[in-house]
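The block underneath contains the structure these notes are about, expressed in structure tokens.
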Amino acid sequence: MQISRRQFFKISSAGLGTSSLAALGMAPALAQAEVRQYKLLRAKETRNNCTYCSVGCGVLMYSLGDGAKNAKAKIFHIEGDPDHPVSRGSLCPKGSGLIDYINSPQRLKYPEVREAGSKEWKRISWDEAIDRIARLMKDDRDANFIEKNEKGQLVNRWTTTGFLGSSAASNETGILDVKFARGLGMVHLENQARLCHGPSVAGLAPSFGRGAMTNNWVDIKNADVILVMGGNPAEAHPVGFKWAVEAKTKNKAYMMVVDPRFNRTAAVADFYSPIRAGADSAFLLGVANYLLNNGKIQHEYVKAYTNAPLIVREDYGFDDGLFSGYNAEKRAYDRSSWAYELGADGYALRDDSLQHPRSVFQLLKKHVERYTPEMVSSICGTPKEDFLHICEKLAATCVPDRTTSILYALGWTHHVGGSQIIRASAIVQLLLGNIGMPGGGINALRGHSNVQGFTDLGVLTTMLPGYLTLPHENQQSLKAYLDERTPKTLVANQVNFWRNTPKFMVSFLKGMYGDKATAGNDFGYHWLPKWDRSYDVMAFVEQMHKGKANGYVIQGFNVIAAAASSGKVREGLAKLKFLVVIDPLQTETASFWENHGEFNDVNPVEIQTTVFRLPSSCFAEEDGSIANSGRWLQWHWAGQVPPFEARHDGRILGTLLMKIRELYEKEGGTCPEPLMSLDWNYHDPKDPHPEEVAKQANGYALADLFDDKGNQIAKKGDLLSSFAHLRDDGTTTSLCWIYTGQWTQAGNMMARRDNTDTGFGNTPGWAFAWPANRRLLYNRASLDPAGKPWDPKRAFLHWDGAKWTGADVPDYPVGSPPNSGVSPFIMLQDGVGHLFSMGALVDGPFPEHYEPEESPIPANPLHSGSGKSPVARIFKDDLPSFGSREDFPCVATSYSITEMFRHWTKHSRLNAIVQPEQFVEISEKLAASKGIVAGDMVKVASKRGYIRGKAVVTKRVMTLQVAGQEVEQVGIPVHWGFEGTTRKGFLANVLSPRVGDANTHTPEYKAFLVSVEKA
Ligand code: SF4
């Protein structure tokens, strides 16, 4: 008899006696079990998820308090949930310390204020905090709200106070963030995704249609080859990484790691090769060149499922590092030539022989031919024979019955060309036919536990929920917006699902403005703020620094630690009038005005910012959902109430919003209409329940709905079961269309806990995955156009004569039969995967290797000019802050380690014990040249500042040969600061430069120049 540990506890707590247990064959373990049983006997078990990384491991929280009157629940033990399909009871060192996070001595207890120029915190009441913050916000909004721009266009935006959302708060908090900030007209609305996985969306969406991890954690076990590059999952995602190990042990998968350091993933891989930080595009384009030169592509797949046969416009070109349409003055491209040549019918011309010189296939071949193995080796510092070995192993999966799974994380996104590195990996996987396949795909391993959710919800300056965009100021009517944002179909008979944009947008507006949104007023479209430029984190720091911002509301985000060039962030915060930090913990952001010696050397008296510190609940004290990296929306429950006077985020936002509205009602003010029109009709507007917000995100029928054949699909008032039911006439509402289906008439789909494996490790009964509960995106591409699986062992879907069915929800029209000509990349205008991304990215339709802004070599071997990105995000004021290779000869790269999660776990005792002190990693050769031995204190400096840390002298970091010279790399873990249980340390981002990816403005954290000296 098989019995799980949880079932065992259920049985034992139900009071089975010794004899019964013996009858179950469990007598030998009884003594031990009884000890456990005693410990947990009166405990309440609550399901939740680890709050750190996006593996989203299941946890069981045990709390005292059995519901008796006056008994207050208190969590005293947390362990892994053995039923969870991904984690199966495991927790890594971060998750194992969760109880210490909940009980951290740095948990905030009461609202506090630090008055302008003061040296201390002062405890205040919630009423005082809310009254004062509302007053400050209203005054700033009244003084600076822009109703119309200089051209007279209605823009309704407020630029001088910003809002940063958390990436570990629930989706329900995220929805409230969007309503709160956009309702007030804020355009600087951002979250952690800007500083981590922004380039994933920008790289993956134009390639396949959606900006998300293509497969899921468990599916990695189906791979034959695993390439880990730009990530270190053994340390950053330890529990998810077990599925890569499973692939090795059960599937005999061959695992390769390419990384600047011989990291812990490399330690269990079959093959490791080093690479210079910042050279990943060159490596991947070299792989593409190898595959094309050696005919190692899956020809049928490439022909049928990619845009290889489509013809590109005649005026497209590429020369010496520049694509056609470059304007040097504007540092921007006119992208009109990066498009298909269209026929009279409006569809793209094609050549299925792939021989046309302007076919995407030929253009790609031409583009990558410069990336020879010798060139790759020279740019990357990777030995040529290593590179060729990796190419051969990848090439072996171009056959239909073998797959490569690519795993990456911040090692790709944290680069100035991050979006294009990911595009390059997409090209490799499309050539190999590995997208849509079990065991294939590009697995973007998201970082924070709900950074996926906050990205989905559009908590980003120019975005709206469900990957809709916030209107630009030139889009002055809903019609103008929809005309521009609804893509035209470019190949006959394709789904082009974004053609439904009007349905998604109108349903969103109904969610925002409720009954006040009518066809007569464009559903409240005019109330939304309209943007003129990106108000991303880099831009807002610039604005603060110039003294052009007044207020900042920061929720669960340690921006001074997370944003690039911490020194400049600190100077910017010091110019604000007010700063509001909502957080469970003491953060360096809230304490930026405190003097902590050389770790934060400021004079509080000179800093006139009024700072409020508001204690919020943490994951263990709230109900709600978070989205893991595999897009699973997992519902969790509170195991205790927030400690002391801490409050839920929703309550803080609700109370504040109601107070601001009250002020407008009493006093009037500038343009109150958008704010007063906001639908905030919760059962208690000051404290919305997560359940009602989750249902609102899902969406309702506002009238009886019927399908094309007249059959009723929903009654008025029903929760919608599918985004296919959304309408553009105001009869449906949904705040986030991709989440429709998460909470239906059948109940909360996110709370489902059926872990039945329907094949290939797929568990569609566990939680809910967007979109439509699909677990493996583009899964129709696992079969050929005739419906035959490319690999009979990977028959994931099949046509049953009337519809597609199988182990997963088909990512395809279920009734479109084999050979219908409908291609599997249904979100794209042409239905096929993009080797050529047209004008979707601002820096080129193909990736190109550009040197980092701070480069250790004098020139890019590929170009005659500077060889740096011609369109990277750089502010003029920051130009003097870039260092030269003469003064700062080493390449620094920042990263995370197993025992720590960014800047949170330093507050947790267990993690502080195992990693108490800041360190840096340097090579033996560099150490010897500087007279440094292991354990010495070293000073690492960039043009922007310095840190000190213990030297770890290691073989893990190697001296590389790059473009004919030696290059040293320095490893900088990021986890310390001047708050926490660990010893005080420096914020590592003191060192990093303010240069951003051209597409996403995600800063460069992983390739910049430093010097190293013995301290
Ligand atoms: S940090 Fe990630 S891998 Fe570790 S327990 Fe938490 S969710 Fe799981």
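For Lys788, give me every one of the aspartates and glutamates with a C-alpha distance below 19 angstrom, ignoring sequence neighbours fewer than eight places off in its own chain.
Glu300, Asp401, Asp800, Asp808, Asp811
Straight-line reach from Lys393: which lysines have a Cα under 21 Å away, not including same-chain ones fewer than 8 places off?
List returned: Lys221, Lys248, Lys250, Lys252, Lys296, Lys365, Lys384, Lys793.
In percent, how large is the relative contact order of region 876-1014, given Cα pairs closer than 8 Å and 6 or more residues apart? Each step should come with its number before you reach the end.
Numbers: 304 pairs, mean separation 50.1, N = 139.
Result for region 876-1014 is 36 percent.
Taking the Cα centre of the chain as the origin and placing charges on Cβ (Lys, Arg +1; Asp, Glu -1), which of Asn603, Thr518, Asn294 is farthest toward the positive end of the dipole?
Of the listed residues, the answer is Asn603.
Counting Lys and Arg as +1 and Asp and Glu as -1, what is the net charge of the other residues whose Cβ lies under 15 Å from the Cβ of Tyr301? Let's see the in-between values first.
Values: positive: Lys296, Lys303, Arg402, Arg780, Lys788, Arg794; negative: Glu300, Asp352, Asp401, Asp784, Asp791.
Net local charge, Tyr301 excluded: +1.
Dipole of the chain (Lys/Arg Cβ +1, Asp/Glu Cβ -1, origin at the Cα centre): which of Gln961, Gly630, Cys671 lies farthest to the positive side?
Gly630
In whole Å, how far is the Cα centre of region 213-278 from that of region 675-740?
If we compute the Cα centre of each part, the gap is 41 Å.
May I ask which of Lys69/Lys94; Lys516/Lys709; Lys138/Lys546; Lys488/Lys876 have a Cα-Cα span longer than 27 Å here? Walk me through the numbers on the way to the answer.
Numbers: Lys69/Lys94 34 Å; Lys516/Lys709 31 Å; Lys138/Lys546 22 Å; Lys488/Lys876 38 Å.
Beyond 27 Å between Cα atoms: Lys69/Lys94; Lys516/Lys709; Lys488/Lys876.
Rank by packing, highest mean first: peptides 522-528, 405-411, 705-711, with packing defined as the count of other Cβ atoms within 10 Å averaged across residues.
On the way: 522-528: 21.9, 405-411: 27.9, 705-711: 9.3.
Per-residue mean Cβ counts within 10 Å order the peptides as 405-411, 522-528, 705-711.
Sum up the charges of everything whose Cβ sits under 11 Å from the Cβ of Phe901, counting Lys and Arg as +1 and Asp and Glu as -1, but leave Phe901 out. If you can, show how the numbers build up before the last one.
Numbers: positive: Lys94, Arg902, Lys906; negative: Glu235, Glu899.
Here the charged neighbours net out to +1.
Counting only protein heavy atoms, what percent of the accessible surface of region 876-1014 is carbon or sulfur at a 1.4 Å probe?
Details: 2540 of 4750 Å².
After summing per-atom areas, the C and S share lands at 53 percent.
Ranking request for peptides 457-465, 311-319, 260-268, 40-48: highest mean number of other beta-carbon atoms within 10 Å first, then the rest in descending order. Walk me through the intermediate numbers first.
Working: 457-465: 24.6, 311-319: 16.0, 260-268: 20.4, 40-48: 17.9.
Those peptides, ordered most packed to least, come out 457-465, 260-268, 40-48, 311-319.
If you add up the charges near Leu678, with Lys and Arg at +1 and Asp and Glu at -1, over every other residue whose beta carbon is less than 11 angstrom from its beta carbon, what do you get?
Numbers: positive: Lys179, Arg182, Lys516, Arg661; negative: Glu673, Asp679.
Local net charge: +2.
Can you pull the percent of region 785-826's accessible area that's carbon plus sulfur, 1.4 Å probe, other chains left in place?
Numbers: 1110 of 1810 Å².
The computed percentage sits at 61.
Would you mind checking the pairs Lys119/Lys568; Lys122/Lys686; Lys44/Lys74; Lys695/Lys716; Lys930/Lys1014 and listing those with alpha carbons more than 18 angstrom apart? Each step should come with its number before you reach the end.
Details: Lys119/Lys568 21 Å; Lys122/Lys686 25 Å; Lys44/Lys74 10 Å; Lys695/Lys716 15 Å; Lys930/Lys1014 7 Å.
Exceeds cut-off: Lys119/Lys568; Lys122/Lys686.
Just the number please: accessible area per residue for the chain, 1.4 Å probe, all protein chains included, in Å². Write down the numbers at each step before the final one.
Details: 33540 Å² over 1015 residues.
On a per-residue basis, the chain sits at 33 Å².
I need to check one value: relative contact order of the chain, counting alpha carbon pairs closer than 8 Å and at least 6 residues apart, in percent. Intermediate values should be presented prior to the final figure.
Numbers: 2506 pairs, mean separation 180.0, N = 1015.
Relative contact order, the chain: 18 percent.
What order do you get for 595-605, 430-440, 71-81 when each peptide is scored by the mean count of other beta carbon atoms within 10 Å, highest first? Each step should come with its number before you reach the end.
Details: 595-605: 14.1, 430-440: 29.7, 71-81: 18.2.
Ranked from most to least packed, the peptides come out as 430-440, 71-81, 595-605.
Just check the chain against the gyration tensor rule for me: Cα atoms, a ≥ b ≥ c as the square roots of the eigenvalues, rounded for a/c under 1.5, and otherwise prolate or oblate depending on whether a/b exceeds b/c.
Details: a/c = 1.13, a/b = 1.08, b/c = 1.05.
Judged from the Cα gyration tensor, the chain comes out rounded (a/c under 1.5).
Apply the a/c threshold of 1.5 to the C-alpha gyration tensor of region 876-1014 and tell me whether it is rounded, prolate or oblate.
oblate
I need the phi-derived Karplus couplings for region 138-151: 6.51 cos²θ - 1.76 cosθ + 1.60, θ = phi - 60°, integer Hz, Gly and Pro marked x.
5, 4, 5, 4, 4, 7, 10, 4, 9, 7, 10, 7, 5, 7
At 1.4 Å probe size, with no ligands or nucleic acids counted, give the accessible surface of Asp386 in Å², nearest ten.
The accessible area of Asp386 comes to roughly 30 Å².
The values are calculated or read from the model by the stated rules, or taken from the named source; none is laboratory data. Everything numeric here is computed off the predicted structure, so don't read it as measured data. Don't worry about glycine lacking a Cβ; one is built from the backbone with ideal geometry, like all the others, and counts go over all protein chains shown. For accessibility, only protein heavy atoms count, side chains too; no ligands or nucleic acids. Shrake-Rupley method; radii C 1.70, N 1.55, O 1.52, S 1.80 Å.
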